[in-house]
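Scroll down for the structure; my scribbles are underneath it.
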Amino acid sequence: MSSKLHIRLTDAGKRYNRDWIFRNLTFELAAGGRLSLTGANGSGKSTLLQVLAGYQSLSAGSRRYTIGDAPISEDQLYRYISIAAPYLDLPEAYSLQELLAFHFSLKVKKTDFELAHWIEDAGLQPHLHKKIQHYSSGMKQRVKLLLAIASEVPLLLLDEPTTNLDEQGVQWYQALVATVSPLQSIIVASNQSYEYAFCIQNIHVSAYKKL
C-alpha cells in the first residue's frame, strides 16, 4: 500500500433536524490504523461510517484527509476508499464475472490478492455467470466484501460485515480480512466482537450523543 492516508475529525457532529446523532467527536487515524465503531442500535455507527466515507456531510466540526502532507478534496475521496455495507446495492443486472470486470475497471485490484481462490472459497465459482439479482442475501454480502477487500485503496470501511452470513461465512470473512495489508487502514462499524477483534482503537459512538 503506497498511499499512506491520515484521517482527522475535529469537534465533529451530525444531526437530523434538532436531534444530534453524535457531537464533539475528535480523533485521528494514521495509516494502518484499526478502528472499531461500537454502540447501541441506532446510536449512529453507520452514520459516522458514512460521514467518514464522504457520503454524508458534517453538521458541525471538520474532517480532514491527507496523503503525506497533501490534503484530499471531498470530490476525490472516493478514490481512496472502499466500503462494504448491507445498505449498498449491487448492480443486479450484471453477472458476477461482469461485475468484477466493471468494478476493476474503476478500482485497481491488489496485485497479491488471489481473487479466484477467494471466489471459490466463498462458494461463488459455480455462479460466475449468474446475474446478481438471483443471488441470495448471503452471496451478495460475500460479493460486497470481495470487491471491497480486493481493491487497492488506503482505507477500508466495513459496516456490519457478516450481515446475512452463516457460521461458515463468518469464518470466511475472518480469513479474508486477515489478508489486508498492515499499511491499509480499516474501520469497522459493529457490535459483534468477532467482526472487529483485530481493531486496536475504538469509538463508542453512544458516548458522543449528548456531549
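Just so you know, all these numbers are worked out from the coordinates, no wet-lab data involved. In this text the structure is predicted, and so the values were computed from the model without any measurement. When we count neighbours, we look across all protein chains shown, and the Cβ atoms used for this are built from the backbone with ideal geometry, even at glycine.
Of the residues Asn164, Asn191, Asn17, the one that moves most in a GNM of the chain with alpha-carbon contacts below 10 Å is Asn17. As a size descriptor, the averaged projected area of the C-alpha convex hull of the stretch 15-87 was calculated at 5.9 nm². By the equivalent-ellipsoid construction on the alpha carbon gyration tensor, the chain comes out with semi-axes of 29, 19, 16 Å, ordered largest to smallest. For the set Lys14/Lys107; Lys45/Lys130; Lys109/Lys130; Lys45/Lys131; Lys45/Lys110, the pairs lying more than 24 angstrom apart at their alpha carbons are Lys14/Lys107; Lys45/Lys130; Lys45/Lys131; Lys45/Lys110. Across the stretch 122-211, counting alpha-carbon atoms alone, Rg and Dmax equal 14.7, 51 Å.
Under 14 Å from a label point 7 Å along Cα→Cβ of Asp19: give me every residue in the stretch 27-52 with its amide N that close. Within reach of a label on Asp19: 41-45, 47. Using a Förster distance of 25 angstrom, determine the FRET efficiency expected from the C-beta separation of Thr179 and Ser206, and round it to 0.05. That gives a FRET efficiency of 0.20. Relative to the longest principal axis of the Cα atoms of the chain, the long axis of helix 96-106 makes an angle of roughly 50 degrees.
Measuring gaps between exposed loop sites in the chain (GluC sites (Glu not before Pro); DSSP loop; at most 14 other Cβ atoms within 10 Å), the longest gap, sites not included, is 115-211.
Put simply, the amide H of Asn24, placed in the peptide plane, has neighbours under 5 Å in Ala12, Gly13, leaving out anything fewer than 5 places away on its chain.
May I ask which residue of Ser190, Phe22, Gly33 lies farthest towards the positive end of the charge dipole of the chain, with charges of +1 (Lys, Arg) and -1 (Asp, Glu) on Cβ and the Cα centre as origin? In the chain, that residue is Phe22. Residues in the stretch 12-28 carry Karplus couplings, in order, of 6, x, 9, 9, 10, 6, 9, 9, 7, 7, 8, 7, 6, 9, 10, 7, 10 Hz; the curve used is 6.51 cos²θ - 1.76 cosθ + 1.60 with θ = phi - 60°, and Gly or Pro positions show x.
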